Every structure is written in C-alpha cells, then in structure tokens.
1. Hey, which of these cross-link pairs are over 19 Å Cα-Cα: Lys2/Lys286; Lys157/Lys186; Lys21/Lys344?
2. Treating only the Cβ atoms of Lys and Arg (+1) and Asp and Glu (-1) as charged, compute the dipole magnitude of the chain about its Cα centre; round to the nearest 20 debye.
3. Looking at the chain as a GNM with Cα springs under 10 Å, which of Ala325, Ala335, Ala116 has the largest mean-square fluctuation?
4. Sum up the charges of everything whose Cβ sits under 14 Å from the Cβ of Ser106, counting Lys and Arg as +1 and Asp and Glu as -1, but leave Ser106 out.
5. Can you tell me the accessible area per residue over the stretch 265-357, all protein chains present, probe 1.4 angstrom, in square angstrom?
6. GNM on the chain, C-alpha springs below 10 Å: top fluctuator among Pro229, Pro149, Pro103?
7. For Gln28 and Glu81, compute 0.36 nm times the residue count separating them, minus their Cα-Cα distance, and round to one decimal in nm.
8. Report, as a whole number in µm² per second, the diffusion coefficient that Stokes-Einstein gives for the stretch 233-313 at 20 °C and 1.002 mPa s using the Kirkwood radius over alpha carbon pairs.
Amino acid sequence: MKIIVLPGDGIGPEITNGALKVLEAANQKFALNLRYDFDDVGFSSLEKYGTTLREETLEKAKTYDGIILGTQSHADYPKPEQGGRNVSAGFRIGLDLYANVRPARSRSFIDTNMSAGKSIDLVIMREATEGFYPDRNMTEGWGEVMPSPDMALSIRKITRHCSERIARRAFELAMTRRKKVTAIHKANSFHMTDGLFLDVVRDVAKEFPEVELDDLLVDASTAHLVRNPERFDVLVATNFYGDIISDLASELSGSLGLAGSMMASDHYCCAQAQHGSAPDIEGQDKANPVSMILSVAMLIEWMGERHNKQDLITAAKAMVTAVDATLENPINRTADLGGQLGCKAFSQAVADTLAAS
C-alpha cells in the first residue's frame, strides 16, 4: 500500500520524520508492505512552483491509500492571489475530507489541566467543509466582503447534506464506544443554520436507538468540558465550533501536542497533527512528535478498516501503545512535557519500544 508524505512548514518535516520512524518500525514488525512517496506543500512548494498547493498535488494524492500532511504556516503565507493557498482547506475541499476526527484522552501518568480526580476520553467529530470559514463556503469567490472600509460581512453556510454525513459518522463511532453523542450548537441565536444542523442530527439519531443523544450550546459545552468532562463520549459539531472545542479538550487532557487528528472522506484519509507549525522552534529538535505519530496511527487504522486488513489495525494500536509506554517514563518525554529528549530521540524511543513489544 502507498502513502504520500507532504512534510509542510515549520516543525512539520521534523515531526513527520519522527512519525515515519515509528510507522516504519510497525511496517517491519507487522510486514505491512507500506511504501512512501514525498512531495512539496507550503513554503517549499511556493518556492518551487509559485503556489503553496498545486492542483496536481491534490490529484496525485487521490491515487494513494493514505496521506500524511505536515503542519503549515498559513498565517505567514502571501495572499491567495500571490500563491498563498490554504493547504489544509485545499485538501478538505479538494478531497472532500469532511470528517475531522479529533480525540482527547487523559493519561494517568501525565499531568492534566483538569481538577484533581477528573479524566477525559472523548472524540470530537468536526464537519470540515463548510460553516463559518470563508474559503470553503462558496462555489466561486470568498465568503467575506467589505462593502465599506468600516464594514465587514461574513457568510456562513450549513447544508443538510454535510450535517447529515458528519452526524452519521458520529453515531457510527459512538456505537463502538460508550454510545452517547452530544450535538454542539448555538441554535438559540443561529435559528436557521444551527437549527438546521440540530434538526438533522436528531433525524439521524432515530436510526441509532441504542445511542443516547443530548445537545449543548457551544458556550455551555466549554464549561462542561472543564467542570465535568466525563459526561462526554462523542461530540458532533459544525466546523468553527469543533475547531475551538477540540483545542480546549486536548489541552485539558494534558497538551495539544498529545492529540492526534485525521481528516477523512468516504474514500480518502489524511493524517494531520492537531497543532500548528511552531516556526519559533523549527530545526532545533525541540518539537513533540506525539500528535503526528498518533495521527498517523489513526490513518493506518482507517486504512485497515477500509481495506479489511487486520494487520494494519493491529499495527495502529501497537503505535498508540508504544507512545503511551514511552511517555510513562518522565525522562523519556520531550521538553514541553518536562522530559529530556528531543524530537528525534523520542521518536526513536517509541520505534524501539514498538519493535521490542
């Protein structure tokens, strides 16, 4: 099976290399026969081709069994008309990667940012192809306009189709977990858009009578995440809300750097760390590769489920287990977690742990 690797900007190449080191250990141990090709996105693509993301790259990615996408420095890109295309959005729209799956899980051996005795184990299912984001809610043009220098308008798009499919994925996931879905919305203010989303989630819920459904206003959900995170299992949310609450949930669990993430459609899947490109530590071997390693594990598990290959699913679980086993020893953690290892040494430690398991 083939995977295309797009290292990206900032610490992207470092954490991608770290994740590949662990993946290759799994590849060897479980005889997965994985092969990798590399291409450019972000600043390296801009320098070579005049754009941060070529259409050829998107079309090429469709021919692979999986995609690994490094971090991007979107805020530092030039304007779109000067080649600064949003890479993540380009993939989400170009490959219809509508399901951004973001787990958050605390570990008993790592300090969390929650009250003593609290734990968290949830998954946020974030719709990723529409919503408040102006670069993905118009067929042509941009979803924000300025009629005058003192006025800016933004258009939000919510559709039944996109709401229905992310809701269905949330309920399907809940069936494999604790059988509870919480819909996050603001229907008391956004009567039509969030109202439509909530109506669709409730319609889909009728097909899953074993799954408990409740709903929360997005502002209330942040309070509950802090006060009572155990109440949550699977949260389903529109694009903007899901983006915000996933960062909160991951940071509560211990660190944004410990949270995996994948973007999936019905046909394609892309591993992408939940955090940014951290250009301030680029090239210093200080990056924490855990988020990318776990994201790649999610990709491998998705590939295993899609192609009915148990060896891939077993390998993905072994990658997660090796990460936790390495993190359990405080000395073996990266500096952001109070440890002594750099990105390369930590990734090697995880690979060695996996190989020896």
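The values are calculated or read from the model by the stated rules, or taken from the named source; none is laboratory data. None of the values given here were measured: they were computed from a predicted structure. We place every Cβ from the backbone using ideal geometry, glycine too, and count neighbours over all the protein chains shown. Please note that ligands, DNA and RNA were not included when accessible areas were found on the heavy atoms of the full protein model with its side chains. Shrake-Rupley method; radii C 1.70, N 1.55, O 1.52, S 1.80 Å.
1. Numbers: Lys2/Lys286 29 Å; Lys157/Lys186 14 Å; Lys21/Lys344 9 Å.
Result: Lys2/Lys286 exceed 19 Å.
2. On the way: 38 positive and 49 negative charges, 153 e Å.
Charge dipole of the chain: 740 debye, to the nearest 20.
3. Comparing Ala325, Ala335, Ala116 in a Gaussian network model of the chain, the most mobile one is Ala116.
4. Values: positive: Arg105, Arg107, Lys118; negative: Asp111, Asp121, Glu230, Glu251, Asp324, Glu328.
Value of the local net charge: -3.
5. 43 Å²
6. Pro149
7. On the way: separation 53, 0.36 × 53 = 19.08 nm, distance 4.41 nm.
Extra length available between Gln28 and Glu81 comes to 14.7 nm.
8. Numbers: Rh = 14.0 Å.
Reported coefficient: 153 µm²/s.
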